[in-house]
Amino acid sequence: MATSFSGSFITLEGPEGAGKTTQLKLLSKQLDQLGCKHIVTRDPGGTSLGKQIRRILLNPENPVTPMTELLLYQADRAQHVDELILPALKSGTLVLCDRYVDSTLAYQGYGRGIDLELINTLSKMATGGLTPELTILFDIDSSAGLGRLHPGGHDRLEREAIEFHHKVRDGYHKLAKQNPERWMIVDASKPLTVVQEDLRKILFERLGEKHKLAGLMD
Ligand code: T5A
């Protein structure tokens, strides 16, 4: 299901520490100033139930098998789409989502080695086929991204071996290459203000007219 709602569905993806959360906060402030109706949400943890699933998934004390991990991410997503994302899109809102189905393909698929077709089937079940119209890859070398995170504050996924994180990043590159109309790549290793500018340009070009974002480039 491509988005044919009055709203727009945009996802941000990338390896650990790429700066998505930071940029979304800055962008949201600017969109507020422009009076643009939008929400910023995230996978996992965009709903009350999802927050509980997120805690289970990221707790390093929890031994979680790859298949359980996959199903928990999809369960979070099913709730997220039904409870928050779809209603927002139907009401004309710009939805900015920090991670979505492509994270599952990158982490559980390319990272863990779970069959990509199985992931696609489960993702369709969880989302009803809801696909973002634009996905922005915050691309950064995995070691550099991990190096930005607080020492000692690492969650279950961040603690994976560096080889896992390299596979995730390579997976993102493959996904972006397969679908260049949907994916845009930002060099997330650049200084914060440069990344901010690159993100604004992309949104302005893709959504400027629809969501009246002329002021985004001021
Ligand atoms: N996952 C998720 C799966 O395995 N499968 C799935 O299906 C889904 C949906 C989620 C975890 O779950 C995995 C992926 C993740 O491992 P999370 O906490 O939501 O956990 O993970 P992230 O989205 O990776 O959150 P991070 O905080 O790790 O990364 P962000 O949001 O990309 O980075 P951000 O903004 O927090 O920045 C990190 C640090 O870098 C600095 C910031 O100040 C911050 O200190 N920074 C910069 N420093 C220098 N230059 C810049 N340009 C900077 N931008 C930010």
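The values are calculated or read from the model by the stated rules, or taken from the named source; none is laboratory data. The model shown is predicted, which means the values in this text are computed figures rather than measured ones. Cβ sites come from the backbone with ideal geometry, for glycine too, and all protein chains shown count toward neighbours. Remember, those area values only see protein heavy atoms, side chains included, never the ligands or the DNA or RNA. Shrake-Rupley method; radii C 1.70, N 1.55, O 1.52, S 1.80 Å.
A few comments on the model shown:
- Criterion applied to I202, I162 was being more than 19 Å from the chain's Cα centre (by Cα) and more than 9 Å from the ligand (Cβ to nearest atom), and the one residue passing it is I162.
- P191 being exposed (fewer than 14 other Cβ atoms within 10 Å of the Cβ), within 15 Å of the ligand (Cβ to nearest atom), without any contact (Cβ under 8 Å) to a residue 60 or more places away in the chain and not acidic (D, E): yes
- Taken over the range 13-23, the criterion of being near the ligand (Cβ under 8 Å from one of its atoms) and either on the phi > 0 side of the Ramachandran plot or not polar (S, T, N, Q) (or both) is satisfied by G14, P15, E16, G17, A18, G19, K20.
- Residue in the range 139-149 that is free of Cβ contacts under 8 Å to residues at least 24 places away in the same chain, open to solvent by 30 Å² or more (accessible area, probe 1.4 Å) and over 20 Å from L58 (Cβ atoms) present: yes
- Condition met for R206 (modelled with pLDDT under 95, crowded, with 16+ Cβ neighbours inside 10 Å and farther than 15 Å from Y107 by Cα): yes
- Residue that is at pLDDT 95 or above and surrounded by 16 or more Cβ atoms within 10 Å (Cβ to Cβ), where the choices are L130, L118, L71: L130
- Residue in the range 69-76 that is more than 13 Å from the ligand (Cβ to nearest atom), assigned to a helix (DSSP H, G or I) and over 20 Å from L12 (Cβ atoms) present: no
- Here R112, R99 are screened, and the one residue that is open to solvent by 30 Å² or more (accessible area, probe 1.4 Å), within 13 Å of the ligand (Cβ to nearest atom), in contact with a strand residue (DSSP E or B) (Cβ under 7 Å, 6 or more places away or on another chain) and in contact (Cβ under 8 Å) with a residue 24 or more places away in the chain is R99.
Here is a yes/no grid of residues against (1) in contact with a Pro (Cβ under 8 Å, 6 or more places away or on another chain); (2) surrounded by fewer than 22 Cβ atoms within 10 Å (Cβ to Cβ):
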| position | (1), (2) |
| --- | --- |
| T11 | yes, no |
| K20 | no, no |
| L24 | no, yes |
| I39 | no, yes |
| P63 | no, yes |
| A75 | no, yes |
| Q79 | no, yes |
| P87 | no, yes |
| Q108 | yes, no |
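- In the range 45-61, the qualifying residues are those that are free of Cβ contacts under 8 Å to residues at least 40 places away in the same chain and assigned to a loop (DSSP other than H, G, I, E, B), and the one that is surrounded by the fewest Cβ atoms within 10 Å (Cβ to Cβ) is E61.
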